[in-house]
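Here the structure is laid out as structure tokens; the discussion comes afterwards.
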Amino acid sequence: MEKNVKDIQHYINGQFVDASSNEVFDNYNPFTNEKINAVASGDNEEINQAVSAARKAFQGKWGNLKLKDRLAYIYKIADLIDEYIDEIAPLESYDTGLPISQTKKMVARAAHNFRFYAEMVSSRLVGDAYQVDDEFLNYTIHKPVGIAGLITPWNAPFMLETWKIAPALATGNTVVLKPAEWSPLTANRLAEIIDKAGLPDGVFNVVHGYGEKVGASLVAHPDVELISFTGETTTGSEIMKNGADSLKQFSMELGGKSPIIVFDDADVDRALDACTWGIFSFNGERCTANSRLYIHENIADSFIERLKERVQNIVVGDPMKEDTQVGPLIHTDHYNNVKSYIDKAKEEGCDVYSGNVPEEMNRGNLIAPTILLNANNKMSIVQEEIFGPVIAAMTFKDEEEVIELANDIRYGLAGYVWTKDMQRGHRVAQKVDSGMLWINAQNVRDLRTPFGGSKHSGIGREGGHYAFEFYTEVQIIHVALGDHHIPQLGK
Ligand code: NDP
């Protein structure tokens with residue numbers, strides 16, 4: 001794999017190009033911490049070029065395509081992703097440390113995203129008509145907004161990028177993507193695929209580089225109409241400030257610290273499976289991870305014992321191996337950050353229980369799956385997003401108490417409730433402050449449903465037809481059918 005990964009350029013106006021400054025940054029493999037390749041590092045210059053290419057495409061060929069021709073391109077992208085799955089998934093694992101068994105599913109999901117939005121646009125992007133007696137007919141149409149600036153994180157890069165690119169393009173916008181600097185490989189592979197699909201020049205552009213430089217320049221650009229951002233809450237807030245002068249529209253998918261609540265009547269075997277998967281899949285670098293466990297005191301001891309057993313048995317190691325369940329964290333900085341939270345947990349009074357990292361793998365950013373026992377809501381390790389394979393475990397006595405505990409946090413992305421009492425399940429679900437909640441389920445998401453968070457976890461919803469509210473402008477047309485009264489001033 002090492003020998004195959006070439007250096008990476010920007011993709012602007014249908015061409016792969018170096019940075020005009022010729023600057024590059026190094027990209028590292030999280031399992032060995034060895035350099036993979038060099039990546040072009042952009043600045044204002046590349047953003048200006050990409051935005052002007054995107055504008056030209058929007059006003060020109062792309063903007064004038066018939067719907068069926070535009071959607072044919074979207075289907076073509078999906079087909080090409082499927083064709084190259086066996087190449088993209090290893091690239092993603094190599095770059096991010098995500099286990100290969102999981103990236104294969106993510107890449108398949110990415111192809112599905114494109115197909116899904118092609119179908120949604122043809123079947124659901126419809127306007128309303130408002131008849132007013134025999135005097136007026138008012139109707140709405142949806143128009144693409146213009147240039148979509150998409151800024152994405154490193155935790156599931158290919159899949160998350162396609163969540164934005166698919167609806168943005170299918171609804172007729174043009175795109176400038178700024179991928180995370182720690183995971184540039186598959187964004188570039190996607191540019192190659194889109195190039196191969198033959199989209200007109202300038203419809204899709206990728207500018208690599210540092211968030212504070214390239215990302216900030218994209219956000220501040222006066223000709224970019226909307227910014228869809230996924231990343232940390234503090235970055236989201238910074239972006240909104242920087243985009244205020246140019247009055248951008250924002251969609252914000254931000255951090256999370258989601259609760260899993262397990263009542264004593266739950267199907268404990270399934271709750272345990274879901275809890276373990278929900279925190280340790282994607283190496284724990286998952287925005288919707290159930291990183292706060294609230295377990296009913298009647299079943300707490302046995303549940304925790306079984307969770308400890310799982311933690312001991314989880315296979316930690318090389319992300320390129322099929323049987324690996326937890327791979328290395330994305331970068332040494334993030335590794336150190338997660339480690340520092342585990343140290344902090346000890347200082348704050350938790351008992352820390354961890355699985356194992358094979359000795360010979362200590363070059364990489366591997367952190368063993370970890371349970372923080374005896375945690376409580378006052379601790380920073382419960383209030384802050386750790387974004388690694390670390391779960392804080394707490395107990396509760398009754399429904400009222402656990403709802404209060406679940407909501408005592410600034411985040412509100414996801415939540416999970418396990419109980420066989422369905423009345424209680426719905427009651428608790430509806431009282432938890434979160435954009436999404438699963439009852440007796442792990443995080444399975446139908447693409448038609450809204451995705452997003454409340455409180456400091458996000459603004460707006462993407463997913464399904466909800467994405468249309470963001471990626472399209474609704475225009476109302478008022479048509480007079482008869483001679484309605486018009487005041488005659490000055491007559
Ligand atoms: P960051 O906020 O650090 O970065 C996200 C993106 O923003 C990167 O491309 C980054 O560039 C860029 N960026 C950084 N600073 C700026 C700036 N000033 N202006 C414009 N762009 C900027 O997030 P992470 O990459 O660390 O991702 C992890 C976070 O993402 C977690 O908090 C997680 O919860 C959240 N997330 C939320 C999801 C949701 O749907 N709610 C889904 C997945 C993740 P660079 O890489 O160069 O720093």
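The values are calculated or read from the model by the stated rules, or taken from the named source; none is laboratory data. Not measured: the values here are computed from a predicted model. For neighbour counting, all protein chains shown are included, and Cβ atoms are generated from backbone atoms with ideal geometry for every residue, glycine included. Surface areas here come from the heavy atoms of the whole protein model, side chains and all, with no ligands, DNA or RNA. Shrake-Rupley method; radii C 1.70, N 1.55, O 1.52, S 1.80 Å.
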Tell me, yes or no, whether the range 455-463 has at least one residue that is over 22 Å from the mean Cα position of the chain (by Cα), modelled with pLDDT of 95 or more and of a type in the set (A, V, I, L, M, F, W, C). no
Taking first residues from the range 216-230 that are touching a residue at least 12 places away in the same chain (Cβ under 8 Å) and under 18 Å from A467 (Cα atoms) and second residues anywhere that are polar (S, T, N, Q) and open to solvent by 20 Å² or more (accessible area, probe 1.4 Å), the pairs with Cβ under 7 Å that are 6 or more apart or on different chains are E225/Q249; L226/Q249
Scanning the range 212-228 residue by residue, the ones that are open to solvent by 10 Å² or more (accessible area, probe 1.4 Å) and within 14 Å of the ligand (Cβ to nearest atom) total 6
Test of understanding: among K35, K56, K68, K6, which residue is in contact with a Gly (Cβ under 9 Å, 6 or more places away or on another chain), basic (K, R) and open to solvent by 10 Å² or more (accessible area, probe 1.4 Å)? K56
Taking the range 153-179 and keeping residues in contact (Cβ under 8 Å) with a residue 60 or more places away in the chain, part of a loop (DSSP other than H, G, I, E, B) and within 12 Å of the ligand (Cβ to nearest atom) leaves P153, W154, N155, A156
Filter the range 119-152 down to residues that are part of a strand (DSSP E or B) and among the aliphatic types (A, V, I, L, M) and give me whichever is nearest to the ligand (Cβ to nearest atom). I151
Can you pull out every residue in the range 448-490 that is small (G, A, S), within 16 Å of the ligand (Cβ to nearest atom) and closer than 29 Å to Q131 by Cβ? G464, A467
All but one of (1) within 24 Å of F31 (Cβ to Cβ); (2) at pLDDT 95 or above; (3) among the aliphatic types (A, V, I, L, M) hold for A345, so report the exception by its number. (1)
In a loop (DSSP other than H, G, I, E, B) and of a type in the set (V, I, T), is that true of V224? yes
Can you tell me which residue within the range 192-211, out of those that are more than 12 Å from the ligand (Cβ to nearest atom) and not in a loop (DSSP other than H, G, I, E, B), is farthest from A38 (Cα to Cα)? A197
Only one residue in G243, G215, G209, G256 is of a type in the set (G, A, S) and closer than 29 Å to N377 by Cα. Which one? G256
